[in-house]
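Rule-based calculations on the coordinates, nothing more; no lab input. Predicted model only: the values in this text are computed from it and were never measured. Cβ atoms come from the backbone with ideal geometry, glycine included; neighbour counts cover every protein chain shown.
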Amino acid sequence: MIECVVNISEGQNPGKLAKLSATVTADLLDIHTDSDHHRSVFTLRGALAPRLLSASAVNLLNVHEHTGVHPRLGVVDVVPFIPLGNSTFNEAIHERNAFAQWAADELGVPSFLYGPERTLPDIRRTAWTSLFPDVGPRTAHPTAGAICVGVREVLVAYNLFLADATMNTAREIVLNIRQPGLRALSFLVDGQAQISMNLTNVDIMNVDTAYDIVAQYANIARAELVGLMPMQALTKIEPSRWNELDIGVDKTIEARFDELLKAQ
């Protein structure tokens, strides 16, 4: 099974979000929305739902009207394909490449590829300067911008809100905690400093470890799991900490797949 976690540059308009969600109801595992980031993360099953969602987003949204704290290249900003179960990395690469070609042919939107070629942060740093799209037009779509289309293993997206820290402190924390398996950015969200992390290898950097690392530098007001996490990562953490860390069985990929199957 292929999972796809599509990041859409819309997190403020309930009507538009309802229209976007309606296009992928049959394959929607989770949606996480943040108005300050002005971003929604759709966790989807399979390769068809990402196309349906992307087509709807390109039709509804305009990247030039977007104002949010999270960086973005387009209205459909990030489309990573993730192999689960018996699916292979090569199958995920095939779906990634097919999606990028479809986006170019059907939507006229260019795509930057990440995975074996480069990382997503590499694209963020160099897009439109030294790096140009791998697939599709060499210039951005007039309203949709461009898409970062990737392939990766399962990661955990995780936010920590700091209780009494300034943004200067948050930026210093980010510089101190970045390491293999932990990518981090700092944002001001609802007046509170936030450390936003991607845990790219939960075998070496799980949710509890990341929480404890940040807690060495500042008091944490609350934690926020963005999207879903694998059961394998959850079971490595003491259940007594699950509530503090904003995790649980109901927030695992496996549990949501089971719910989706039962509903059909």
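Here each label is just a point 7 Å from Cα along the line to Cβ, and for residue 59 and residue 86 those points are 3.5 nm apart. Please work out whether the stretch 128-210 counts as rounded, prolate or oblate from its C-alpha gyration tensor, where a ≥ b ≥ c are the square roots of the eigenvalues and a/c under 1.5 means rounded, while otherwise a/b larger than b/c means prolate and anything else oblate? Verdict is oblate for the stretch 128-210. Extension gain for residue 118 to residue 190 (0.36 nm times residue separation, less C-alpha to C-alpha distance): 22.6 nm. Close amide-amide hydrogen proximity is noted between residue 81 and 150, 151, 152, each under 5 Å apart and 5 or more residues distant or on a separate chain (H modeled in the peptide plane; Pro and chain starts excluded).
Here the Karplus relation 6.51 cos²θ - 1.76 cosθ + 1.60, evaluated at θ = phi - 60°, turns the backbone of the stretch 83-99 into coupling constants of x, 10, x, 8, 5, 10, 4, 5, 5, 5, 4, 4, 5, 4, 5, 5, 5 Hz, with x for every Gly and Pro.
Amide H contacts of residue 10 (H built 1.01 Å from N, in plane; Pro and chain starts excluded): 39, 40 sit under 5 Å, all sequence-distant by 5 or more or on other chains.
Near residue 119, no amide H atom lies under 5 Å from its own; only residues 5 or more places off or on other chains count, and H is placed 1.01 Å from N. Annotation note: chymotrypsin sites (Phe, Trp or Tyr not before Pro) in the stretch 88-145 located in DSSP loop regions with a Cβ neighbour count of at most 15 within 10 Å are 128.
With an a/c value of 1.5 or above and a/b not larger than b/c for the gyration tensor axes a ≥ b ≥ c computed over the alpha-carbon atoms, the stretch 52-173 is described as oblate. For the stretch 188-201, the Karplus equation 6.51 cos²θ - 1.76 cosθ + 1.60, evaluated at θ = phi - 60°, returns couplings of 9, 10, 6, x, 10, 5, 10, 9, 9, 10, 10, 9, 8, 8 Hz by residue, with Gly and Pro reported as x. Once the Cα-Cα distance is subtracted from the 0.36 nm per residue extended length, the residue 106 to residue 231 segment shows a gain of 41.4 nm. The calculated FRET efficiency for the pair residue 250 and residue 132, based on their C-beta separation and a Förster distance of 41 Å, comes to about 0.45. Residues of the stretch 53-92 with an amide N closer than 15 Å to a point placed 7 Å from the Cα of residue 98 along the Cα-to-Cβ direction: 81-84, 87-92.
By the count of neighbouring beta-carbon atoms within 10 Å, fewest first, 187, 257 end up ordered 257, 187. A simple spin-label model places pseudo-atoms 7 Å from Cα toward Cβ; at residue 30 and residue 178 they are separated by 2.5 nm. Normalising the average separation of contacting C-alpha pairs (under 8 angstrom, six or more residues apart) by the number of residues puts the relative contact order of the chain at 17 percent.
Checking the a/c ratio against 1.5 first, then a/b against b/c, what shape does the Cα gyration tensor give for the stretch 156-259? It comes out prolate by the Cα gyration axes. The 3J(HN,Hα) values that the Karplus relation (6.51, -1.76, 1.60; θ = phi - 60°) gives for the stretch 215-225 are, in residue order, 5, 5, 9, 7, 6, 9, 7, 6, 10, 8, 7 Hz. Gly and Pro appear as x.
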